[in-house]
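J.: First the structure, then my questions, so here it is.
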């Protein structure tokens with residue numbers, strides 16, 4: 001990827017949202033995710049050159065980013081000037097291009113401050129059964145770009161129950177798609193669940209640390225245990241192998257670059273491929289973040305994303321790891337982060 005494409009992607013990630021006038025003839029519907037950086041918001045994925053980026057759709061006509069359509073071609077304008085020419089709009093059948101990424105529950109009791117998922121309300125809420133999730137995956141599989149399946153979930157009741165439901169889905173995906181890569185993003189309380197996921201047919205695993213160091217983790221994820229999360233990552237590498245386990249590290253929670261680099265070194269040294277993600281701020285998580293941290297974070301600047309991306313790549317190379325070889329979830333999607341070995 002050219003350095004110009006990477007610089008522009010970083011700027012788009014910094015801004016995060018785009019206004020799309022009603023008169024534009026979009027080739028596909030917006031995706032409304034229930035998990036991930038754009039949870040609760042409509043979004044579109046754009047591709048330009050070799051870069052991919054997902055942007056939330058805003059109703060603010062004064063937004064810095066605006067989509068224009070001229071003679072059937074799409075361009076992205078920044079502050080009134082054309083910024084991206086010949087932008088391609090990628091279909092998102094299930095959250096991500098090239099893969100079906102399903103979320104089994106849009107409610108979570110874990111109470112992590114950065115998360116936009118609502119806490120369980122006590123009232124019955126829609127969730128994806130294994131059967132319904134398989135229908136979504138089967139529909140997605142008809143697209144020629146279909147390459148992988150990934151799954152995640154909030155925790156509406158218990159980690160053990162959610163993992164049991166996810167295991168059922170993994171088994172069914174593996175039964176219907178014998179060779180497709182399967183990624184699971186999950187919480188782990190019982191280390192034995194990791195081997196169960198591997199035996200069920202999962203090929204990659206994501207267990208998120210989210211915040212570094214431990215003191216900040218405790219503020220941001222008050223209902224989780226830092227040591228248990230690290231232990232789960234160690235076990236996952238033992239079972240899935242080096243380079244087949246990943247973990248989000250959020251930037252923008254008041255940490256220094258040195259603390260992010262410390263996290264990257266620690267995780268990569270274990271055989272985990274960490275994923276650096278700039279914090280997304282919205283109405284659902286801003287009050288929680290202010291309560292946890294004492295301030296409302298701002299979106300991470302493009303320059304910092306790029307600088308961390310270069311350090312990220314250096315650390316992965318030093319540990320013999322390659323994010324471009326990850327088959328599922330965020331590294332395969334390539335939309336929401338500066339991905340080492342792909343963007344930098």
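J.: Go through region 274-309 and report how many residues are under 20 Å from the mean Cα position of the chain (by Cα), exposed (fewer than 14 other Cβ atoms within 10 Å of the Cβ) and in a helix (DSSP H, G or I).
T.: Within region 274-309, residues that are under 20 Å from the mean Cα position of the chain (by Cα), exposed (fewer than 14 other Cβ atoms within 10 Å of the Cβ) and in a helix (DSSP H, G or I) number 0.
J.: Still on this structure, please answer the following. Could you tell me which numbered condition residue 238 fails, if it satisfies all but one of (1) in contact with a helix residue (DSSP H, G or I) (Cβ under 9 Å, 6 or more places away or on another chain); (2) in contact (Cβ under 8 Å) with a residue 12 or more places away in the chain?
T.: Tallying (1) in contact with a helix residue (DSSP H, G or I) (Cβ under 9 Å, 6 or more places away or on another chain); (2) in contact (Cβ under 8 Å) with a residue 12 or more places away in the chain, residue 238 fails exactly one: (2).
J.: Also, I was wondering about something else. Can we say residue 262 is in contact with a helix residue (DSSP H, G or I) (Cβ under 9 Å, 6 or more places away or on another chain), surrounded by fewer than 19 Cβ atoms within 10 Å (Cβ to Cβ) and over 20 Å from residue 115 (Cα atoms)?
T.: Numbers: in contact with a helix residue (DSSP H, G or I) (Cβ under 9 Å, 6 or more places away or on another chain): no; surrounded by fewer than 19 Cβ atoms within 10 Å (Cβ to Cβ): yes; over 20 Å from residue 115 (Cα atoms): yes.
Considered against the rule, which asks whether it is in contact with a helix residue (DSSP H, G or I) (Cβ under 9 Å, 6 or more places away or on another chain), surrounded by fewer than 19 Cβ atoms within 10 Å (Cβ to Cβ) and over 20 Å from residue 115 (Cα atoms), residue 262 comes out as no.
J.: Right, another one. Just give me the residues in region 241-258 being in contact (Cβ under 8 Å) with a residue 40 or more places away in the chain and either part of a helix (DSSP H, G or I) or at positive phi (or both), in sequence order. Can you show your working first?
T.: In the first step, residues of region 241-258 are kept if they are in contact (Cβ under 8 Å) with a residue 40 or more places away in the chain; the result is 242-255, 257.
If the condition is that a residue be in contact (Cβ under 8 Å) with a residue 40 or more places away in the chain and either part of a helix (DSSP H, G or I) or at positive phi (or both), then 243, 252, 254, 257 are the ones that fit.
J.: Of 175, 224, 171, which residue is part of a loop (DSSP other than H, G, I, E, B) and either surrounded by 23 or more Cβ atoms within 10 Å (Cβ to Cβ) or at pLDDT 95 or above (or both)?
T.: Working: 175 fails: part of a loop (DSSP other than H, G, I, E, B); 171 fails: part of a loop (DSSP other than H, G, I, E, B).
Just a single option satisfies the conditions, and that option is 224.
J.: Restricting to region 310-331, name every residue that is touching a strand residue (DSSP E or B) at 6+ places or on another chain (Cβ under 6 Å) and outside any loop (DSSP other than H, G, I, E, B).
T.: The answer is 312, 323, 329, 330.
J.: Evaluate the following for residue 161: is it farther than 22 Å from residue 200 by Cβ, surrounded by fewer than 14 Cβ atoms within 10 Å (Cβ to Cβ) and free of Cβ contacts under 8 Å to residues at least 60 places away in the same chain?
T.: Numbers: farther than 22 Å from residue 200 by Cβ: no; surrounded by fewer than 14 Cβ atoms within 10 Å (Cβ to Cβ): yes; free of Cβ contacts under 8 Å to residues at least 60 places away in the same chain: yes.
No.
J.: Looking at 148, 130, 87, 119, which is the one that is over 29 Å from residue 225 (Cβ atoms), without any contact (Cβ under 8 Å) to a residue 60 or more places away in the chain and either under 23 Å from the mean Cα position of the chain (by Cα) or not assigned by TED's automatic domain parsing to the domain that holds residue 197 (or both)? Give the steps one after another, and end with the answer.
T.: Values: 148 fails: without any contact (Cβ under 8 Å) to a residue 60 or more places away in the chain; 130 fails: over 29 Å from residue 225 (Cβ atoms); 119 fails: over 29 Å from residue 225 (Cβ atoms).
Among 148, 130, 87, 119, only 87 is over 29 Å from residue 225 (Cβ atoms), without any contact (Cβ under 8 Å) to a residue 60 or more places away in the chain and either under 23 Å from the mean Cα position of the chain (by Cα) or not assigned by TED's automatic domain parsing to the domain that holds residue 197 (or both).
J.: Just to be sure before I move on: is residue 343 under 26 Å from residue 47 (Cβ atoms), crowded, with 18+ Cβ neighbours inside 10 Å and out of contact with any helix residue (DSSP H, G or I) (no Cβ under 6 Å at 6 or more places or on another chain) in the structure I sent? Quick ask: steps written out before the conclusion?
T.: Details: under 26 Å from residue 47 (Cβ atoms): yes; crowded, with 18+ Cβ neighbours inside 10 Å: yes; out of contact with any helix residue (DSSP H, G or I) (no Cβ under 6 Å at 6 or more places or on another chain): no.
Against the criterion (under 26 Å from residue 47 (Cβ atoms), crowded, with 18+ Cβ neighbours inside 10 Å and out of contact with any helix residue (DSSP H, G or I) (no Cβ under 6 Å at 6 or more places or on another chain)), residue 343 does not qualify.
J.: Among the residues in region 185-201, are any surrounded by 22 or more Cβ atoms within 10 Å (Cβ to Cβ), in the same structural domain as residue 99 (by TED's automatic domain parsing) and part of a loop (DSSP other than H, G, I, E, B)?
T.: Scanning region 185-201 turns up at least one residue that is surrounded by 22 or more Cβ atoms within 10 Å (Cβ to Cβ), in the same structural domain as residue 99 (by TED's automatic domain parsing) and part of a loop (DSSP other than H, G, I, E, B).
J.: Next question. Would you check if residue 49 is at pLDDT 95 or above and at positive phi? Give the derivation first.
T.: Details: at pLDDT 95 or above: no; at positive phi: yes.
No, not satisfied.
The values are calculated or read from the model by the stated rules, or taken from the named source; none is laboratory data. From a predicted model like this one, the values you see are computed outputs, not experimental measurements. Here Cβ is always computed from backbone atoms with ideal geometry, including for glycine, and neighbour counts include all displayed protein chains.
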